[in-house]
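*Asks:* Let me begin by handing over the structure; questions about it come next.
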Amino acid sequence: MSSLNLPTYYQSLNDNAAAILGALAKDQESLARQIASHNFLADFPALVSAIRSRPESNMLSLAEKEYQYALYAIATGSYRHAFASLRLAMELALSSILFSAHEIRYHQWSAGDADINWNSIVEDEGIFSKNFIKAFFPDLADQGTQYRAIAKAAYRECSQYVHGNMKTHSDVGLEVRFRKEVFMAWHDLAETFHLCLVFAFAARFALGLDKSQLSDIRHILTENIGQLTGIQSLNT
């Protein structure tokens with residue numbers, strides 16, 4: 001391809017992405033899911049603000065940025081990239097919870113001397129374990145198992161797209177177009193991520209926040225995990 005044709009080539013890709021976004025906008029069910037997942041973005045600054053004095057809080061800001069990439073990718077038909085960015089957002093956000101209890105790991109990661117390890121997040125003594133949660137929010141200690149299970153399942157599904165498993169090639173196809181089934185599947189995983197992050201954040205930090213900090217995130221906790229007895233007790 002001549003370099004003179006490159007602008008035209010990439011403009012055609014941009015036009016195709018715009019067409020996919022247009023198809024999304026015309027499908028009310030799909031648009032509603034995009035809006036719901038987009039609204040999750042508003043939670044990140046509030047969560048970051050609540051723990052701003054902690055060094056690992058910047059990981060939540062990085063997760064927010066990566067989640068924004070994922071939202072754009074899913075809206076414009078870059079489906080594989082949407083799953084990959086969602087997976088990275090999960091890794092960053094949930095690692096911030098793990099590193100808050102193991103600060104040396106944060107500094108090793110920040111210095112480039114260690115990597116994020118998903119298995120450390122969801123292992124038997126990870127952030128969803130009874131022992132971990134009991135240390136910070138005993139009333140939620142028995143609830144972690146269910147969130148661990150759905151976090152692992154969501155991560156596994158995203159990983160299918162990262163590793164290029166055969167099923168994902170048939171899902172996204174060769175033709176770049178709006179694919180509602182894949183689109184909806186991504187939003188299901190984004191919803192799972194949202195729930196798991198809010199639960200993990202509450203389990204780790206809620207009892208250590210002052211009244212003002214807790215007030216700023218109370219609506220996030222109530223809307224997402226307000227059915228849990230431990231969360232209800234925060235309102236009394």
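*Asks:* Taking the alpha-carbon centroid of each part, what is the distance from the range 141-177 to the range 91-139 in angstrom?
*Replies:* 21 Å
*Asks:* Mind ordering 201-207, 103-109 by average Cβ neighbours within 10 Å, highest first?
*Replies:* On the way: 201-207: 23.0, 103-109: 15.1.
Averaged packing, sorted descending, gives the order 201-207, 103-109.
*Asks:* While we're on this one: Using the per-residue mean of other Cβ atoms lying within 10 Å as a proxy for protection, in what order, highest first, do the peptides 5-11, 171-177, 50-56 fall? Intermediate values should be presented prior to the final figure.
*Replies:* Values: 5-11: 9.9, 171-177: 12.6, 50-56: 16.6.
Put in order of decreasing packing, that is 50-56, 171-177, 5-11.
*Asks:* Right, next: Mind giving me the nanometre distance, one decimal, between the label points for A135 and Y9, set 7 Å out from Cα along Cα→Cβ?
*Replies:* For the pair A135/Y9, the computed spacing is 5.3 nm.
*Asks:* In nm, give the distance between the simple-model label positions of I104 and L21, each being 7 Å from the Cα along the Cα-to-Cβ direction.
*Replies:* 4.8 nm
*Asks:* What is the packing order of peptides 118-124, 72-78, 211-217, taking the mean over residues of other C-beta atoms within 10 Å and listing the highest first? Present the calculation step by step, with values, prior to reporting the outcome.
*Replies:* On the way: 118-124: 15.7, 72-78: 21.1, 211-217: 13.9.
Order by mean packing, descending: 72-78, 118-124, 211-217.
*Asks:* I would also like to ask the following. With +1 on each Lys and Arg Cβ and -1 on each Asp and Glu Cβ, and nothing else charged, work out how big the dipole of the chain is about its Cα centre, in Debye to the nearest 20. Spell out each step's value before the answer.
*Replies:* On the way: 20 positive and 25 negative charges, 24 e Å.
Charge dipole, the chain, about its Cα centre: 120 debye, nearest 20.
*Asks:* Tell me what the chain gives for mean residue ellipticity at 222 nm when only DSSP H runs of n ≥ 4 count, each as -39,500 (n - 2.57), the sum divided by the residue total, rounded to 500 deg cm²/dmol.
*Replies:* Details: 13 runs with 175 residues, N = 236.
Result for the chain, helices only: -23500 deg cm²/dmol.
*Asks:* In nm, what is the difference between 0.36 nm times the number of residues separating H169 and L41 and their Cα-Cα distance?
*Replies:* On the way: separation 128, 0.36 × 128 = 46.08 nm, distance 2.90 nm.
Value of the extension gain: 43.2 nm.
*Asks:* Structure shown: which of K26/K65; K130/K180; K26/K152 lie over 29 Å apart, alpha-carbon to alpha-carbon?
*Replies:* K130/K180; K26/K152
Quick note: the coordinates plus some simple rules give every number you see, no bench work behind them. Being a predicted model, the structure only gives us computed values, none of them experimental. Don't worry about glycine lacking a Cβ; one is built from the backbone with ideal geometry, like all the others, and counts go over all protein chains shown.
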